[in-house]
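Let me begin by presenting the structure, written as structure tokens, before commenting on it.
Please treat every number below as a calculation from the coordinates, not as lab data. All of these numbers come straight from a predicted model, not from anything done at the bench. Neighbour counts run over all protein chains shown; Cβ positions are idealised from the backbone, glycine included.
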Amino acid sequence: MLRYVYGTDLDRFAKLRDTMFQDRAEQFSHRLGWEVSVNSRGEERDQYDVLNPLYVIWELEDGSHGGSMRFLPTSGRTMINEHFSHLLDGVKIESPFIWECTRFCISPQADRRAAAALVLGGGELMDNFMLSHFCGVFDPRMERIYRLYHVDPDIIGMTGEGKDRIGAGLWEMKPEAWAPTLKRLGIDRETSRSWFDLSFNRAPRHPIAATA
């Protein structure tokens, strides 16, 4: 299932928390070779994890991490404004309707549903929080996933060539993206919204069409 967990609440889900940060170390440090900090517990954490971000996490049946993303509002501190402003010619993205998405991570133990779940979770955030876009930085390895789920970004900055190319983009959840994402995950929209409501202690809503 999908969980939406603020940083201050991660301790309620110890196994999910620990395996998420460990999987981040495996993906970003060991596999991709990024210059990130890994602590003595084998966890990848950075200065943005202490800002009480909202994590969208795909939880496996055993309670461990299957995939995750980290979100912060652009009205506060963000990586794109502090570390990647050169991609935007120094222009800052600051809007209550745009949040930054970082640390897109898939666990080695997850199946192919994990990426679909994260795309779906991003869409639910946009819909329920009335956001217009997410912003973030990406590399060519992610472009296939974006095309598969009809969530190609509007590119607002780019630098580098080939495998060293890095871009900045704006994402929205277009209407045509819901159906293939839900189909890939094997659920309907009502189930997706029930996961969101459970995370935020909301009362269940009336059933809606699967492609809404």
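Among Phe71, Phe21, Phe97, the largest mean-square fluctuation in a Gaussian network model of the chain, built with springs joining Cα atoms closer than 10 Å, belongs to Phe97.
Seen from Met173, the other residues with C-beta closer than 11 Å to its C-beta sum to a net charge of -3, counting Lys and Arg as +1 and Asp and Glu as -1.
One quarter of the convex hull surface built on the alpha carbon atoms of the chain amounts to 11.4 nm², the projected area averaged over directions.
Judged by the ratio a/c of the largest to the smallest principal axis of the C-alpha gyration tensor, region 60-122 counts as prolate, that ratio being 1.5 or greater while a/b is larger than b/c. Using the Cα gyration tensor of region 86-135, with a ≥ b ≥ c the square roots of its eigenvalues, what is the shape: rounded (a/c below 1.5), prolate (a/b larger than b/c) or oblate (neither)? It is oblate, given that a/c is not under 1.5 and a/b is not larger than b/c. For region 1-137, the relative contact order comes to 25 percent (Cα pairs under 8 Å, sequence separation of at least 6). Sort region 8-72 into rounded, prolate or oblate with this rule: let a ≥ b ≥ c be the square roots of the eigenvalues of the Cα gyration tensor; rounded if a/c is under 1.5, and if a/c is not under 1.5, prolate when a/b is larger than b/c, oblate otherwise. Taking the square roots of the gyration eigenvalues as a ≥ b ≥ c, region 8-72 is oblate. Find how many whole Å separate the alpha carbon centroid of region 12-81 from the alpha carbon centroid of region 94-166. If we compute the Cα centre of each part, the gap is 15 Å. Mean silhouette area of region 121-163, derived from the convex hull of its C-alpha atoms and averaged over all directions, reads 3.5 nm². For the chain, the mean residue ellipticity at 222 nm estimated from helices alone is -8500 deg cm²/dmol, where every DSSP H run of n ≥ 4 contributes -39500 (n - 2.57) and the total is divided by all residues, rounded to the nearest 500. Within region 1-101, the trypsin sites (Lys or Arg not before Pro) that combine a DSSP coil assignment with at most 14 other C-beta atoms in a 10 angstrom radius are Arg41, Arg77, Lys92.
In order along region 5-13, the phi-based Karplus estimate (6.51 cos²θ - 1.76 cosθ + 1.60, θ = phi - 60°) of 3J(HN,Hα) comes to 10, 6, x, 5, 9, 4, 5, 6, 10 Hz; Gly and Pro are listed as x. In summary, the helical segments of the chain meeting the span-like criteria, namely a full DSSP H run, a Cα extent along the axis of 18 angstrom or more and a mean Kyte-Doolittle hydropathy of at least 0.0, are 113-129.
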